[in-house]
Structures are given as structure tokens and as C-alpha cells.
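*Asks:* A single structure is presented below for examination.
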Amino acid sequence: QVQLVESGGGLVQAGDSLKLSCVASGGTFRTYYFAWFRQTSGKEREFVAWIGGGTDYAGFVKGRFTISRDNDKNTVFLEMNNLKPEDTAVYYCAAARYFSRTYSSSRSYDFWGQGTQVTVSS
């Protein structure tokens, strides 16, 4: 069983930056695939970024967000630059034991963190 704990969210102004962290425990970190999703009230959880052998991003964050991982620290990061009010959401870290071509689907993940709130004011 893998436990994921996100941190780094907060209230910022449009144009600011934040760096989210997700610390994993209870599994073999370097063998897992990770992603960040986000969710706003009344909407489904949406894909933001993925990291495995490479990285991939949702179109609306390309060029602004960067996902990375530190296998020595069992941590996945999401660096968010030039934040916009529409980026306001709860951000979730997710882990998958196996690679899936549908890694942008929340159904492809086995473990989830509790989420961290990001609020961007205009």
C-alpha cells in the first residue's frame, strides 16, 4: 500500500508561482508512475501532468507547469508558473503500479493523496 501526501498549495495572485510536492511511502517509489490531477467543485477530476519514462501535460498547462521526481527523496513535484485564476482547484497526486496508455484517465491510478488547495486570485 502506498501513501501519498501532497503539500505546497496556497493562495497566490495571478502570475505567481507555486511548487507542489507529493511524498510517497510504503512502496518502491522508483517503479511507480505518477500524475497530478485537479478538481473543482462539481466537476470531474482532470488530468494535469504525468511522469514515467518521460513526461506529458494537459494542453492548458504546457509551457507553464513542470512535473519532476526525486527518486532519492520519494517525492514528485509540480512546479506551476504564471498561474491563472482558472488554475484554482484541489490538486491531487496519483500513483500507478503499471504503465497505462490511458495515463490521463483517473481510472489508471491505484493510489491517491488527500489533495492540496491552490487558489489563484485575479
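The values are calculated or read from the model by the stated rules, or taken from the named source; none is laboratory data. Fair warning: this is a prediction, and the values are worked out from it, not measured in the lab. Because the Cβ atoms are built from the backbone with ideal geometry, glycine has one as well, and the counts that use them run over all protein chains shown. The protein model used for the area step is the full one, side chains on, heavy atoms only, and it has no ligands, DNA or RNA in it. Shrake-Rupley method; radii C 1.70, N 1.55, O 1.52, S 1.80 Å.
*Asks:* Output the residue which, of all residues in the stretch 33-69 that are among the charged types (D, E, K, R) and farther than 17 Å from residue 97 by Cα, is surrounded by the most Cβ atoms within 10 Å (Cβ to Cβ). Quick ask: steps written out before the conclusion?
*Replies:* Of the stretch 33-69, the ones among the charged types (D, E, K, R) are 38, 43-46, 56, 62, 64, 69.
If we keep only those that are farther than 17 Å from residue 97 by Cα as well, we get 38, 43-46, 56, 62, 64.
On the way: 38: 22, 43: 9, 44: 8, 45: 18, 46: 14, 56: 14, 62: 10, 64: 15.
The residue in question is 38.
*Asks:* Please list, ordered by first then second residue, the pairs with beta carbon atoms under 8 Å, 6 or more apart or interchain, first in the stretch 14-41 and polar (S, T, N, Q), second open to solvent by less than 10 Å² (accessible area, probe 1.4 Å) and in a loop (DSSP other than H, G, I, E, B).
*Replies:* Pairs that qualify, where the first residue is polar (S, T, N, Q) and the partner is open to solvent by less than 10 Å² (accessible area, probe 1.4 Å) and in a loop (DSSP other than H, G, I, E, B), are 17/83.
*Asks:* Taking the stretch 83-108 as the region of interest, how many residues are open to solvent by 20 Å² or more (accessible area, probe 1.4 Å), more than 13 Å from residue 9 (Cα to Cα) and touching a strand residue (DSSP E or B) at 6+ places or on another chain (Cβ under 9 Å)?
*Replies:* 12
*Asks:* Another one. If you take the residues in the stretch 45-59 that are within 14 Å of the chain's Cα centre (by Cα) and not in a strand (DSSP E or B), which one is farthest from residue 88 (Cα to Cα)?
*Replies:* Pass one, the stretch 45-59, residues within 14 Å of the chain's Cα centre (by Cα): 45-52, 55-58.
Retained after the next criterion (residues that are not in a strand (DSSP E or B)): 45, 52, 58.
Values: 45: 13, 52: 26, 58: 15 Å.
Top of the filtered list is 52.
*Asks:* For residues that are more than 16 Å from residue 39 (Cα to Cα) and either without any contact (Cβ under 8 Å) to a residue 24 or more places away in the chain or in contact with an Asp or Glu (Cβ under 7 Å, 6 or more places away or on another chain) (or both), tally how many sit in the stretch 84-99. Before the answer, list the steps.
*Replies:* The first filter runs over the stretch 84-99 and keeps only residues more than 16 Å from residue 39 (Cα to Cα), leaving 95-99.
Within this subset, residues satisfying the condition of being either without any contact (Cβ under 8 Å) to a residue 24 or more places away in the chain or in contact with an Asp or Glu (Cβ under 7 Å, 6 or more places away or on another chain) (or both) are 95-97.
Count: 3.
*Asks:* Of (1) at pLDDT 95 or above; (2) open to solvent by 70 Å² or more (accessible area, probe 1.4 Å); (3) over 17 Å from residue 90 (Cβ atoms), residue 1 satisfies all except one. Which?
*Replies:* The failed condition is (1).
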